[in-house]
1. So what is the relative contact order of the range 121-217, in percent, for Cα pairs below 8 Å that sit 6 or more residues apart?
2. Around L92, which amide H atoms from residues at least 5 apart in sequence, or from another chain, sit under 5 Å from its own amide H, with H modelled in the peptide plane?
3. Hey, which of these cross-link pairs are over 23 Å Cα-Cα: K211/K265; K164/K265; K235/K280; K169/K235; K169/K222?
4. Report the antiparallel proportion of the DSSP beta bridges in the chain as a percent, rounded to a multiple of 5.
5. To make sure I understand the rule: partners must be aspartates and glutamates, Cα under 16 Å from the Cα of K206, and not fewer than 8 residues away in the same chain. Which ones qualify?
6. If you take every residue apart from N220 with its C-beta less than 11 Å away from the C-beta of N220, what net charge results, scoring Lys and Arg +1 and Asp and Glu -1?
7. Under a plain spin-label model, where a point goes 7 Å from the Cα along Cα-to-Cβ, how far apart in nm are E329 and T59?
8. Using a ≥ b ≥ c from the Cα gyration tensor of the range 249-358 (square roots of the eigenvalues), is it rounded, prolate or oblate, where a/c under 1.5 gives rounded and otherwise the larger of a/b and b/c decides, a/b for prolate?
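What follows is calculated from the coordinates using simple rules that are stated; it is not laboratory data. Values in this document were obtained by computation on a predicted structure and should not be read as measured data. Cβ sites come from the backbone with ideal geometry, for glycine too, and all protein chains shown count toward neighbours.
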Amino acid sequence: MRAARAVGVRSPIEVASVPVPEIGEEDALVRIVASGICRSDWHIWNGDWVWNGVHLPVTGILGHEIGGIIESVGSRVKRLTPGQRVTVPVHLACGRCSSCMRGLQNMCDDGDSSHHVPGSGGWAEYMRVPNADLNCVVLPDNVDELTAAALGCRYMTAWRAVHKQGAVKGGELVAVVGCGGVGLAAVEIAACLGAEVIAVDVDDAKLEQAKTLGAVSTVNAKGLSPDAVSSAVRKLTPGDRGVDLAVDALGLEQTVNTGLYSLKKGGRLAQIGLTSQQEKGFARIPLDLIVMKELRIVGSQGNPHWAFDELLSLVSQGRLRPSRLVSREVGLHDVGSVLHDMDAYRTSGYVVITDFAA
């Protein structure tokens, strides 16, 4: 099979012919129809997150936003049959550890993400999925593989951050800081759930896209301090009091502070964005403000497997349309250039591999 392989930190991506993965008795082999190029892949390719004790292999086949078709299953797989169309959550879970038993498959103690399995990520024609009965999510008949790839990481991450961790309610005011792939998903999800959304970014084109997804107002933060940006956000709220919920989709020190300063008293910050080389896991935040305004900060990582049902139902009904975020369909040979575009935030929405011959 053909695959795009990482061979080292920031090394050129190689496209090569490699063996089709062999599957075990609890695995499934998935033929990939669409596979996203996610900023998490970019972080791994950059060698990020070692400051958190996370040591991901930078060699092998990355890719964890998957839409595909079951090709074959192991002898102990009970729920899946060849020909079923599936997505594969970024967090591959064991189903047996204490976190999985609490419904937190997104924080499995023993599992791996697809990009943790050298040779078996989604930037290839085929992918091995371990513990397949748990880790393959069967798609509704009217949800295609391109949409499934859009769901696999960024969109489902935004879903949990806004719906569960951020606990958004209809009529609330929400500021989404950073309108890349996960931020734009947060805009659409918050608007779908009845919130009034203010989108914040430094790129007018991304802000215009946020409006098409349901944002009622936008703030261009280019060249502005977090205090100035948050002041502009608050001026868009009744009495300049601020928003109920802010979502930081980037993980930069200035974006987390923009979110915090944009909140009203008792407001909530849902932190999705992870840091890069500049912050190395740490950002200065205003502790006195957090105490005096009784602000709450909650982290959000991925989406548990059980929580896909409600998300897929809204997608199937047409109330959420993740495929609207797909800006480009590319081939395997384009992966390297897309990663370099991410260096300067030049990508818009989701870039998805759909041509595995190119």
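1. Over the range 121-217, the number comes to 22 percent.
2. The list, which skips near neighbours in sequence, is D112, S113, S114.
3. In this structure, K211/K265; K235/K280; K169/K222 exceed 23 Å between Cα atoms.
4. 50
5. Correct list for K206: E188, D248, D341.
6. After counting each charged neighbour, the total is -2.
7. 3.5
8. Oblate.
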